[in-house]
Structures are given as structure tokens and as C-alpha cells.
1. Can you list residues from other chains, or at least 5 along the same chain, whose modelled amide H is less than 5 Å from the amide H of Thr53?
2. Please give me the summed charge of the neighbours of Leu29: other residues whose Cβ is under 12 Å from its Cβ, Lys and Arg +1, Asp and Glu -1.
3. If you place +1 on the Cβ of every Lys and Arg, -1 on the Cβ of every Asp and Glu, and leave all else neutral, what size is the dipole of the chain about its Cα centre, to the nearest 20 Debye?
4. For the stretch 16-23, just list the computed ³J(HN,Hα) in residue order, Karplus coefficients 6.51, -1.76 and 1.60, θ = phi - 60°, integers in Hz, with x standing in for Gly and Pro.
5. Considering the Cα trace of the stretch 7-58, what is its radius of gyration and what is Dmax, both in angstroms?
6. Of Ala37, Thr62, Ile27, which is farthest on the positive side of the dipole of the chain, counting Cα position, with +1 on Lys and Arg Cβ, -1 on Asp and Glu Cβ, and the Cα centre as origin?
Amino acid sequence: MSLSARNRLAGTVRNVDTDGLMAEVEIELDGGQTVTAVITAGSVDRLGIEVGTDVNAVFKATEVMVEN
């Protein structure tokens, strides 16, 4: 599958917490940082996401802010 989003961070799923229709997926990035995504439980099943799965965290936004 091709996506137009260019912001991709490779990592490994460290935890999946499913509660009803939604799931929280914790991804440890290759650099050691952690990103958490909230997706549907159906997407977790459809994508075969489980602890240890290598995934990409893909970001698409219309605006990015930087604070100092």
C-alpha cells in the first residue's frame, strides 16, 4: 500500500491495550523513544498488530507546532 504521508518512524510494538472498540498501541522507536497511537480494535486485528510486531508510526498533519 502506498501513502502520501512522508513522516514515518520505524519501531516495534511493546504493548497493545484493547478496550471495547478502541486500542492503545505503544510503539518503541528504533532510537528508544516511545510513541502511542489510539486506533480501532478492528484495525489491530486487520493489521495483525501484537507485541513484537515491527510497524511504522505514520504521521500526517496539516500543521506542526514547535514550542520552546
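Read the figures in this text as sums done on the coordinates, not as results from a lab. Just so you know, these numbers come straight off a predicted model, no measurement behind them. When we count neighbours, we look across all protein chains shown, and the Cβ atoms used for this are built from the backbone with ideal geometry, even at glycine.
1. Placed amide hydrogens put Val13 under 5 Å from Thr53.
2. Working: positive: Arg8, Arg14; negative: Glu26, Glu28, Asp30, Asp54.
In short, -2.
3. Details: 5 positive and 11 negative charges, 72 e Å.
That gives a dipole near 340 debye.
4. 10, 10, 9, 9, x, 7, 10, 9
5. 10.2, 31
6. Ranked along the dipole, the leading option is Thr62.
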